[in-house]
Amino acid sequence: MAKQKYYVVWVGKVPGIYTSWDECQQQVNQYTGAKFKAFESKAEAEKAYAAGYKAYWGSQSGSSGRSSGSKAASQAAGGAGARASQGSAWEAGDDAIDYDSISVDVGTRGNPGPVEYKGVDTQTGDILFSVGPIQKGTNNLGEFLAIVHALAYLKKIGSRKTVYSDSMNAIKWVKQKKVATTLPRDASTEEIWRLVDRAEEWLRTNSYPNKVLKWQTKSWGEIKADYGRK
């Protein structure tokens, strides 16, 4: 059973302390300059809410466990924080979700096994693309393909939107433009390897301005593209 979390909304539609991510999301969704954070206990949340966001938002306190330093000050002032340089992938996400983004995820039946992936609008949950099932592959290879598919999709429409994935391995592979997997090349994996080879070639021959960020599942809940098969 998942441990109870408490979500402090300092700046949002209705500031307060909420006991579910869905309730918190309702208060901060499409709210410019929203300030919110997850905490492990009610006492911590109450203390944080009373102290105000400047003491906590973007700091190591709470469940996000990351130190933002000057980035937090930039975000509090309404800035977007650090920007990704062209052709790069960023492994850490901001404390606040960038809803102007695509979220990707993979559904597998065994690992290795049949693989499918999709990309959705993080704001609405609308499916933007869906591929599979592919005969045989791994979760990380599917995540890698999903990220590259999202980047190619966004480049085609001229969008600088962020891409979210909950796979650190896949994000690393995108950054390196090369996968590192033990999945053998044989008749059963021919399809996914053909797609992986094509994705690696796309990364080598294309640049992109988009940030590729890690979805913070611990603080935000399951990624919007989740297949619900855990």
Per the list (1) open to solvent by 70 Å² or more (accessible area, probe 1.4 Å); (2) without any contact (Cβ under 8 Å) to a residue 60 or more places away in the chain; (3) out of contact with any Lys or Arg (no Cβ under 6 Å at 6 or more places or on another chain), residue check on His149 breaks on (1)
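Can you report the number of residues in the range 7-39 which are open to solvent by less than 50 Å² (accessible area, probe 1.4 Å) and touching a helix residue (DSSP H, G or I) at 6+ places or on another chain (Cβ under 6 Å)? Spell out the reasoning first.
Of the range 7-39, the ones open to solvent by less than 50 Å² (accessible area, probe 1.4 Å) are 7-12, 16, 18, 20-21, 24-25, 27-29, 33-39.
Add one more test, that the residue is touching a helix residue (DSSP H, G or I) at 6+ places or on another chain (Cβ under 6 Å), and what stays is 7-10, 12, 18, 34-36, 38-39.
Qualifying residue count, the range 7-39: 11.
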What pairs can you find where one residue is in the range 1-29 and charged (D, E, K, R), the other is outside any loop (DSSP other than H, G, I, E, B) and open to solvent by less than 20 Å² (accessible area, probe 1.4 Å), and their Cβ atoms are less than 6 Å apart, with a gap of 6+ or different chains?
Lys5/Ala38
Condition first: hydroxyl-bearing (Ser, Thr, Tyr), within 15 Å of Leu141 (Cβ to Cβ) and in a loop (DSSP other than H, G, I, E, B). Now tell me which residues in the range 153-211 satisfy that.
Ser167, Thr181, Thr182
Filtering the range 154-168 down to residues that are touching a Phe, Trp or Tyr at 6+ places or on another chain (Cβ under 8 Å) and open to solvent by 70 Å² or more (accessible area, probe 1.4 Å) yields Lys155
When both residues are 6+ apart or on different chains and their Cβ atoms are under 8 Å apart, which pairs have a first residue that lies in the range 172-186 and is open to solvent by 100 Å² or more (accessible area, probe 1.4 Å), and a second that is of a type in the set (A, V, I, L, M, F, W, C) and assigned to a loop (DSSP other than H, G, I, E, B)?
Lys175/Ala89
Of the residues in the range 110-141 that are in contact (Cβ under 8 Å) with a residue 40 or more places away in the chain and not in a strand (DSSP E or B), the one that is surrounded by the fewest Cβ atoms within 10 Å (Cβ to Cβ) is Gly125
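Do we have Ile171 as among the hydrophobic types (A, V, I, L, M, F, W, C) and more than 20 Å from Thr217 (Cα to Cα) here?
Working: among the hydrophobic types (A, V, I, L, M, F, W, C): yes; more than 20 Å from Thr217 (Cα to Cα): no.
In short, no.
The values are calculated or read from the model by the stated rules, or taken from the named source; none is laboratory data. This one's a predicted model, so the numbers in the text were calculated from it and none came from an experiment. A quick note on method: Cβ atoms are made from the backbone with ideal geometry, for glycine too, and the neighbour counts reach across all protein chains shown. Heads up: the accessible areas ignore ligands, DNA and RNA and are worked out on the full protein's heavy atoms, side chains in. Shrake-Rupley method; radii C 1.70, N 1.55, O 1.52, S 1.80 Å.
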